[in-house]
Amino acid sequence: MSFQANASVTAAKIVLADIAVIKPTGSAADAIGQLPVAAAPAPGKTKQLSTVSVITSLRNRPEVADVDWQGSQSIVVERKGNQISQEQMQQIVTDYLLENSAKLQAQVEFTAVRSPQQLVLPAGQLSWKVTPSNPNIIGSSSFSIFFTVDGKPAGNCVVRGRLNTFSDILTAVKTLHKGDVIKEEHLALQRQNLAGFEDPFQDQELIIGMQVARTVNAGKPLTQKDIVSPPIIKDGEMIKIFARKGTLLLSTSGIAQSDGRLGETIKVKNISSNKLIHCRVDGPGIVSVDF
């Protein structure tokens, strides 16, 4: 058996066949070659072994009792690995964003600010998953990359940077005030950075006829928080009250004491009893109460 001056491994353990040439070949040599001699260094690192120490560690193994030990007095063992450069990490994030640009309906621009210089993982089939700091991607300031090798977790890193997402979104042509009903002439499409805007609109058909929930200045995008459905019951409107108890259903008339949207609870004056009651808005001109 002849020890080599240099050897390379991929597994987490070093076996005799990794560091020595065993002759004559055959089943006995194969068995001897699989004897463990030391833990391998970390992926991408090296480790020096003393052949005296290796021989000493195997002295009680009957398989090597008659072996003639020859070769180098020391062995430098390098563990191979998947080396991932800083540029590759950043490219993984860029590719992820490009894959999701269609779903985001936006032009995506990412500038990396900070990431590891290099990451070395065990050798094998490499795959990864990218997770943005914001589940919606838009507004994310960092992206975590989780790596697996041969299907097993192998490491992770974080790439931080500036993410800009540009898209044509609906903005107010003029200042809109709370309570205004949105019309087509109130809207214009403008290309803007989506960062900082939560759920902006791109399709005007979704908001025409809706009501402004708070003041939106001219040139500002309209978002989900800026609009509400218009009331289907008006303050002072004569409405029908349905009262339910089990299978029993009664009805009477009342007067709404405020505007009401579908599903909201409003005060209603019962004309018969002249009392104020809290009712749920079920539809245009219809409310209900349980008793």
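Rule-based calculations on the coordinates, nothing more; no lab input. All values reported here derive from a predicted model rather than from experimental measurement. For neighbour counting, all protein chains shown are included, and Cβ atoms are generated from backbone atoms with ideal geometry for every residue, glycine included.
Here are the numbers for this structure:
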quantity	calculated
Kirkwood Rh and Cα Rg combined as Rg/Rh, the range 131-252	1.25
The range 167-228 - Rg over Rh from alpha carbon coordinates, Kirkwood radius	0.91
Two-site label geometry, Ser133 and Gln70: point separation in nm, points 7 Å out along Cα→Cβ	6.2 nm
Efficiency of FRET between Glu205 and Ser253 - r from beta-carbon atoms, R0 25 angstrom, step 0.05	0.10
Zone residues, the range 7-23, relative to Gln118, backbone N less than 19 Å from point 7 Å out along Cα-to-Cβ	7-11
Cα-based reach from Lys45 at 24 Å (exclusive), listing lysines while leaving out same-chain residues under 8 positions away	Lys13, Lys80, Lys152
Check: the chain dipole with +1 on Lys, Arg Cβ and -1 on Asp, Glu Cβ, in debye	900 debye
Length gained when the stretch Arg191-Ser272 is fully extended (0.36 nm per residue, less Cα-Cα span)	23.5 nm
Kirkwood Rh in Å, taken over all unlike Cα pairs in the range 4-107	16.5 Å
For the range 84-165, size of Cβ-based charge dipole, Lys and Arg +1, Asp and Glu -1, in debye	220 debye
Proximal lysines relative to Lys234, as straight alpha-carbon distance under 25 Å, when same-chain residues fewer than 8 apart are discounted	Lys178, Lys183, Lys225, Lys267, Lys269, Lys275
Tilt relative to the chain, helix 86-104 - C-alpha long axis, 0 to 90 degrees, to 10	30 degrees
Stokes-Einstein translational diffusion, the range 238-290 - Kirkwood Rh over all Cα pairs, 0.890 mPa s, 25 °C, in µm²/s	228 µm²/s
All-pairs alpha carbon distance profile, the range 2-51, 5 Å steps from 0, percent	5, 21, 32, 23, 13, 5, 2
Radius ratio Rg over Rh of the chain, counting only Cα atoms, Kirkwood formula for Rh	1.37
Residue-span extension gain [Gln91 to Phe242] - 0.36 nm each, minus C-alpha spacing	48.1 nm
Euclidean distance of C-alpha centroids, the range 240-291 and the range 107-157, integer Å	55 Å
Environment charge at Ser288 (Cβ cut-off 10 Å; Lys +1, Arg +1, Asp -1, Glu -1)	+1
Convex hull per residue volume in Å³, alpha carbons only, for the range 84-165	83 Å³
